[in-house]
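Okay, structure first, notes after.
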Amino acid sequence: MKSIRSTLAVTAALILASGCSQEAEVPTNQQETADANVMMANPSNIYVQAEMQMMERMEAARGANPSETWTRKMIEHHRGAIAMSDILLAQGGDPQVLEKARMTSEMQRKEIAELEALLPAGSSQTSAGRENPYAQAVSQMHERMMAATGANPSETWMRKMIEHHRGGAEMSNVLLGLGGDPRVLEKARMTAQKQTQEANELEQMLQGGGVPAPATSNDAPAPTTPAREPQAKTQPEAKAETETPKAPAKTPEAPPADPHAGHDMGNMSNMSH
């Protein structure tokens with residue numbers, strides 16, 4: 001009996017030590033129970049499987065340091081966005097939301113390629129147990145995404161993607177606070193900015209603002225043809241218009257007639273007597 005008790009004590013100690021050595025985003029049993037409750041409450045949620053797979057892959061993604069861990073987790077984060085967007089595109093729905101989903105999927109694929117280029121050459125994903133400063137941000141994102149729902153698949157996708165992008169921004173801000181590889185830090189800064197912008201655009205769409213048009217060369221307004229200016233006049237014509245015509249030379253006016261002209265002043269004196 002004493003031997004059995006000793007064996008159980010040792011086993012319990014080993015299990016406890018194993019659990020403390022690994023920092024999981026969410027205790028597995030608690031998260032599975034919460035996810036099951038969400039699925040039962042809304043069985044029409046077509047994104048649940050993609051969300052849970054994304055969470056599992058993000059939990060497992062670790063690196064040799066916070067910079068590499070962030071990079072690996074963000075790769076899985078973006079893959080989750082692609083999976084959810086592809087589900088909506090196959091489902092169909094609001095044309096504006098479908099266009100936004102297509103743009104999101106395309107953007108996330110480019111982001112994954114850029115993140116993979118930042119991984120150290122020859123590195124591979126490490127086993128669990130490494131430092132994981134992103135646990136809280138990841139678990140909160142997952143909880144908010146699972147709780148987000150809408151009146152139809154299009155609205156549900158938008159509400160889930162808002163929480164998805166916010167989670168990506170929060171993870172990026174964690175790395176920016178920790179510091180690390182300058183290249184990865186710059187990528188995290190850009191990611192936080194883009195993810196926040198995407199969340200804001202989706203909120204605008206929910207309020208009826210429509211899909212913001214991407215800034216591409218095809219959308220640039222066609223150049224307008226300037227109004228044709230009147231042709232310059234030839235030099236002689238311009239001179240003829242600008243010169244003031246000369247007034248004709250004035251003829252000197254004749255002096256006023258002398259009232260005494262033609263009279264003999266002598267005779268005038270005689271007449272006055």
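The values are calculated or read from the model by the stated rules, or taken from the named source; none is laboratory data. Fair warning: this is a prediction, and the values are worked out from it, not measured in the lab. Cβ coordinates were reconstructed from backbone atoms using ideal geometry, including for glycine residues, and neighbour counts include every protein chain displayed. Areas reflect the complete protein model, heavy atoms only, side chains present, ligands, DNA and RNA absent. Shrake-Rupley method; radii C 1.70, N 1.55, O 1.52, S 1.80 Å.
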Once amide H atoms are built 1.01 Å from N in the peptide plane, which residues 5 or more positions from ASP181, or in another chain, come under 5 Å H to H?
-> SER67
For segment 44-122, the Cα-Cα pair-distance distribution in 5 Å bins from 0, as whole percents, is 3, 16, 22, 21, 17, 10, 6, 3, 1
By accessible area of protein heavy atoms, probe 1.4 Å, what ranking do ARG72, ARG189 get, highest first?
-> ARG189, ARG72
Read phi for every residue in segment 55-67 and hand back ³J(HN,Hα) as whole Hz from Karplus 6.51 cos²θ - 1.76 cosθ + 1.60, θ = phi - 60°, with x for Gly and Pro.
-> 4, 5, 5, 5, 4, 7, 6, 9, x, 6, 7, x, 5
If each K or R counts +1 and each D or E counts -1, the residues other than ARG159 whose Cβ falls under 14 Å of its Cβ total -4
Per-residue ³J(HN,Hα) for segment 103-110, Karplus 6.51 cos²θ - 1.76 cosθ + 1.60, θ = phi - 60°, Hz, x for Gly and Pro | 5, 5, 4, 5, 5, 5, 5, 5
